[in-house]
Amino acid sequence: MRIDFTSSRVLHVDMESGASRVISFGTRSAHLGGSGLAAALYTEYGLADAPADDPRQPLIFAIGPLTGFFPLMSKVVCGFRSPYTGEWSESHAGGRLALAMRFSGYDALMITGRARSLSCLVVGSRRVEMHDVHYMRGQDVFTAGKYMRRFGADRHGHRSSLRIGPAGENGLGYACINVDSFRHFGRMGSGAVMGGKKLKGIVVLGDGSFTLPEGKAYPALFKKIYSDVTGTDMMRKYHDLGTAENLLVLNELHALPWRNLQQTSDPQIDGISGERFAEQLLLRQTACAGCPVGCIHIGLLRQQFASDHEYLYKQVSYDYEPIFAQGSMLGITNASGVLALLDETEKVGLDCMSSGVALAWAAEALEKGVISEKETVVPLRFGDVHSFIAAMGHLVRGTNDFYRLLGQGAAKAAAEYGGEDFTCVLGQEMAGYATGEVFFVSQAMGFRHSHLDSGGYAYDQSAKDKDVDKAIDFLVDDEHKRVLINCMVSCMFARKAYTPERLQEALSSLGMTEAADALTDAGRMVQRERWRLKIATGYDVNAVRIPKRFKEVVTWKGPVDVAYMDALKQRYARAILDMAAAGGGEN
Amino acid sequence: MKILRASRMERCIGCHSCSLACARLVHKRLSWNTAGIRISSAGGLSTGFEARTCVACNPAPCATACPTGAFSQRKGGGVKVDRSLCIRCGNCAEACPVEAIYIDPEESFPYVCIHCGRCVPFCPHACLELADADEGRQEYGGGQGTGTGRDHGGQ
Ligand code: SF4
Ligand code: SF4
Ligand code: SF4
C-alpha cells in the first residue's frame with residue numbers, strides 16, 4: 001500500500017447502525033495529525049450543543065504523519081468530550097496502538113453512537129468487524145484482555161488491545177481506557193465515553209505494510225535521530241530509574257504532595273523512592289512499539305493469598321505519577337503497598353492519578369469529620385493500603401451517594417458534603433507537582449488540566465523572578481511546541497530530540513514539503529482551534545478557582561505567593577482568550 | 001559465513017526496532033511484518049517477547065521445497081533469495097519448521113532473513129548478534145553475553 005499524505009484517512013464506525021465508512025479527510029498541511037486531526041474531526045462531526053454523554057458524540061483516536069516512520073513517534077491522541085468537565089479534551093497513550101493504527105492504514109478511528117449490546121470492535125487493514133460481547137459485561141480489564149485475545153489471533157504480537165473495566169461501563173468521570181496492559185488513555189474519562197457507546201474493547205490489527213519514499217534522505221535521517229535518542233544521554237533518565245527518580249528529588253525540594261497535600265516532604269520517602277522500586281521490585285522494562293528507549297517499568301507484586309506459604313505474583317507497571325497519586329498522596333510508605341493499589345486500580349479501569357487524589361481528599365475529610373464512615377463505609381486512613389483498596393471497590397460499584405459523587409471527582413463530592421478548601425483539584429485532580437504558583441495556574445487553567453500541557457513545574461524550579469508576563473509567555477510558547485509534538489504524535493519524552501526544525505526535516509524526508517513549510521503556522525492554528533473548541537464546549541476561563549489548600553503550600557522557596565498566583569491567573573486567562581480568538585472570524 | 005542470532009531475547013523490550021530496520025533497509029518498506037525478524041509477545045505481554053527469525057538450517061527445508069530456485073541453500077546455513085524467480089506458491093513458508101518466513105498477504109511474496117546483520121545495531125538492548133555460522137550452532141546459544149546492551153550505544 002502507498003500512503004497518501006495529502007489528507008487523513010479516517011475510519012468512521014457508527015455503533016448504533018453498525019455501519020462504517022472510510023473518509024478522506026481535510027488537508028494535511030492544515031490539521032497536521034494527532035491533536036490537530038482530532039480537533040478538526042470534532043469540529044466537523046461533533047455536536048457542540050449536545051451534552052458530553054450523548055452517545056452520538058465522536059470518540060476519536062488519531063495518529064500523525066510521522067507515526068511509525070521515526071523512533072518514538074509512538075503515541076496516539078484520543079479526542080473526546082470529557083464526562084468529567086463536559087468539555088473537549090484529549091488524552092494520550094502509547095503501547096502498540098500507534099503502530100497498529102499506522103499498519104492498519106488509518107490516520108484516525110472515529111466512533112459514534114451506542115451499540116445495542118456490549119460490543120468489541122476489530123479493525124485491520126482488511127477488516128472491520130463488530131462482535132457482541134455481552135458475556136464480558138462487568139469484566140475487569142485483565143479478564144477482558146484475555147477474552148479479547150481471540151479476536152485477530154492470527155496477527156499475534158502485531159495488534160493492539162484497548163479495553164475498559166467496570167469503571168468505564170459504570171460511567172465514572174475518571175474511568176480510563178487500558179491500552180495493551182501497561183498504557184492508558186487516563187485522565188478526563190475517555191473510558192466512560194467508551195462505556196457510553198457500549199464498546200467494551202477495540203482490537204487494532206497492524207497487518208498492512210507500506211512502500212517507503214525513494215532515496216537516501218529518509219533512512220539517513222532515521223539513523224541520525226535513532227542515534228540521538230539511544231547513543232547519547234538524552235533519554236537515560238527514562239530507561240534507568242524512569243520517571244520514578246523524581247520522587248526523591250521532589251521530596252527533597254519540598255514539592256512532593258503527601259497526605260492530600262498536607263505536607264510536601266516526608267522522611268519516609270525511602271520506602272517509595274524510584275531507587276527502592278528499582279532495587280527491590282523492578283522486573284524488567286518494556287517499550288511502546290517503535291520506541292527504543294523502553295521507559296515502561298514493570299514491578300513485581302507478590303501476594304500471599306493463604307496462610308500456608310501460598311503466593312501469587314503479578315506484574316504492575318509504575319511511574320512517578322502513579323507512585324505519587326497512590327503512594328505519597330495516600331500516605332503509603334511501602335513500595336509493595338503502592339503496587340497492590342495500582343494493581344487494583346488497573347483492574348477496575350480507573351485513572352490512577354485521579355482516583356488516588358480523590359481518595360486522598362476522602363481520607364482527610366473523614367479525618368476532619370466532614371464526612372463519616374456512613375459515607376466512606378470503610379475506615380479510610382492515610383497509610384492503610386487495605387482500606388483504600390476496599391474504597392476503590394465502592395467507588396467503582398457506586399455503592400452509595402457519596403461514592404457515586406466521588407466517582408465524578410473530589411470537587412463534586414466536596415460541593416455536597418463540604419471540605420472544598422482541601423480538594424486537591426486544579427481543573428481535575430492534581431498532578432504530582434507542588435512546585436508553586438506557575439504550575440498550579442497552568443494545571444488549573446490549561447487545555448488538558450495536566451502536567452503535560454506545558455512545563456509549568458519546570459518553570460517553577462528554574463525561575464529566579466516573579467515576572468508574570470515572562471511566565472505566561474513561557475506557558476503559551478511551550479504549549480505551542482508541545483502542540484507540534486502532539487500533532488506528529490511523538491512521545492513527550494522525545495521533545496528535546498524533536499525540535500520544530502527537526503520535525504520539518506522529518507516531514508520533508510517523507511515528501512511532505514507543504515506540511516513542513518506550514519508547520520509552525522499550522523501549529524498555531526491547531527493551538528487556537530483546541531482552545532476555541534474547549535471554550536465552545538463549556539469552558540469558562542474566568543470561572544476557574546484554585547482551592548485554598550494550594551495557597552497554604554510551602555515549598556523550598558517558602559510559602560506560595562497568593563498575589564503572584566492571582567496575577568498569573570488573570571494574565572493566563574487573557575492569553576487563553578486571545579489564543580482562542582486569534583486569526584478568528586471564520587467561526 | 002555469519003548468521004543472525006536472537007540470542008539474548010530475555011532482554012527484549014518489544015520495541016520492534018529490529019523489524020522496522022529490516023523492513024526499511026533491506027526491503028524498503030514501512031512494516032513490522034515484511035521483515036526477516038518479527039517480534040511477538042510470548043503469550044500475552046506479561047511474559048516477555050520472542051523473535052521469529054530464520055535459524056539458518058543446513059540443509060534448509062525451505063530451499064528444498066522451493067520449486068523454482070528462488071530460495072537456494074546459503075553457505076553456512078539459511079537461504080539466498082532471488083525474488084525474480086519466485087512464483088509465490090508459499091511452499092517455503094510451509095516447509096519452515098520455525099515459522100520464520102512471512103508471506104505478505106497483499107502480494108504473497110515471502111520475506112525471510114538473509115543474515116545481513118543490518119538490524120543488529122538498531123537493537124537497543126543487544127538482543128541480537130551476527131555470529132560465525134559454525135560457532136555455538138548447538139542448542140545453547142551463548143548465554144547472556146557480557147555486554148550490557150544499552151552501553152553498546154545505538155550504533
Ligand atoms: S527460513 Fe526456515 S526453513 Fe529456511 S533456513 Fe530459515 S529457519 Fe530453516
Ligand atoms: S539480518 Fe538482515 S535480513 Fe535478517 S532480520 Fe536482520 S536486517 Fe533482516
Ligand atoms: S530491537 Fe531488540 S529490544 Fe527491540 S524488539 Fe528487536 S530484539 Fe527486542
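The values are calculated or read from the model by the stated rules, or taken from the named source; none is laboratory data. All values reported here derive from a predicted model rather than from experimental measurement. Backbone-built Cβ (ideal geometry, glycine too); neighbour counts: all protein chains shown. Heads up: the accessible areas ignore ligands, DNA and RNA and are worked out on the full protein's heavy atoms, side chains in. Shrake-Rupley method; radii C 1.70, N 1.55, O 1.52, S 1.80 Å.
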Starting from the Kirkwood Rh over alpha-carbon pairs, what translational D in µm² s⁻¹ does the stretch A:109-209 have by Stokes-Einstein at 20 °C and 1.002 mPa s? 161 µm²/s
Looking at the protein assembly as shown only, what percent of DSSP beta bridges run antiparallel? Nearest 5 please. 90 percent
Mean residue ellipticity at 222 nm from the helices of the protein assembly as shown, using -39,500 (n - 2.57) per DSSP H segment of n ≥ 4 over the full residue count, to the nearest 500 deg cm²/dmol? -10000 deg cm²/dmol
Alpha carbon convex hull of the stretch B:2-130, projected area averaged over orientations, nm²: 7.4 nm²
If you split all Cα-Cα distances of chain A into 20 Å bins from zero, what percentages do you get per bin, shortest first? 22, 59, 20, 0
Give a residue-ordered list of calculated ³J(HN,Hα) values for the stretch A:120-136 (Karplus: 6.51 cos²θ - 1.76 cosθ + 1.60, θ = phi - 60°; whole Hz; x for Gly, Pro). 10, 9, 10, 10, x, 6, 10, 7, 9, 9, 10, 10, 7, 10, 3, 6, 9
In whole Å, what is the distance between the alpha-carbon centres of the stretch A:482-503 and the stretch A:324-375? 33 Å
Note, the stretch A:545-556: 3J(HN,Hα) by Karplus (6.51, -1.76, 1.60, θ = phi - 60°), whole Hz, Gly/Pro = x, goes 10, 10, x, 4, 3, 5, 7, 9, 5, 10, 10, 4
Going residue by residue through the stretch B:20-34, the Karplus relation 6.51 cos²θ - 1.76 cosθ + 1.60 with θ = phi - 60° gives ³J(HN,Hα) values, rounded to whole Hz and with x marking Gly or Pro, of 4, 5, 4, 4, 5, 8, 8, 10, 6, 9, 9, 5, 10, 10, 7
B:D134-A:D469 pseudo-label distance in nm [points 7 Å out on the Cα-to-Cβ vector]: 7.8 nm
Heavy-atom accessible surface, probe 1.4 Å, ligands and DNA/RNA ignored: which residues of the stretch A:211-244 lose at least 10 Å² versus the isolated chain? A:T211, A:L212, A:Y218, A:P219, A:F222, A:K223, A:Y226, A:S227, A:T230, A:G231, A:H239
For the stretch A:417-549, what % of the accessible area comes from carbon and sulfur atoms, probe 1.4 Å? 50 percent
In the stretch A:134-180, accessible area falls by at least 40 Å² from chain alone to full assembly (1.4 Å probe) for A:H156, A:H158
Can you list the residues in the stretch A:269-298 whose accessible area drops by at least 40 Å² when all protein chains are present, compared with the chain alone? Use a 1.4 Å probe, heavy atoms only. A:R284, A:P292
With every protein chain present, what is the per residue accessible area of chain A (1.4 Å probe, Å²)? 34 Å²
Compare A:H309, A:H480 by solvent-accessible area with a 1.4 Å probe and give them largest first, with all protein chains kept in place. A:H309, A:H480
Taking r as the C-beta separation of A:E501 and A:K374 and R0 as 45 Å, the FRET efficiency to the nearest 0.05 is 0.15
When a/c is below 1.5 the answer is rounded, else prolate if a/b is larger than b/c, else oblate, so apply that to the stretch A:422-532 with a ≥ b ≥ c taken from the square roots of the Cα gyration tensor eigenvalues. prolate
A:H184's amide H: which non-local residues (gap 5+, or another chain) put their own amide H closer than 5 Å, with H modeled 1.01 Å from N in plane and none for Pro or chain starts? A:G94, A:V179
Contact order normalised by residue count of chain A, Cα under 8 Å, 6+ apart, percent: 16 percent
Loop chymotrypsin sites (Phe, Trp or Tyr not before Pro), the stretch A:414-487 (other Cβ atoms within 10 Å of the site Cβ: 14 or fewer; DSSP): none
In the stretch A:102-218, what percent of the accessible surface is made up of carbon and sulfur (1.4 Å probe, ligands and nucleic acids excluded)? 49 percent
With a 1.4 Å probe, how much accessible area is buried between chains B and A, both sides summed, in Å² to the nearest hundred? 3300 Å²
Full-extension gain in nm, A:E214 to A:R150, via 0.36 nm per residue minus C-alpha separation: 19.2 nm
R0 = 22 Å: FRET efficiency of A:H309 with B:E10, Cβ-based, nearest 0.05? 0.20
Looking at the P(r) of the stretch A:394-445, how many percent of alpha-carbon pairs lie beyond 17 Å? 43 percent
Mean accessible surface per residue for the stretch B:2-130, computed with a 1.4 Å probe while every protein chain stays in place, in Å²: 38 Å²
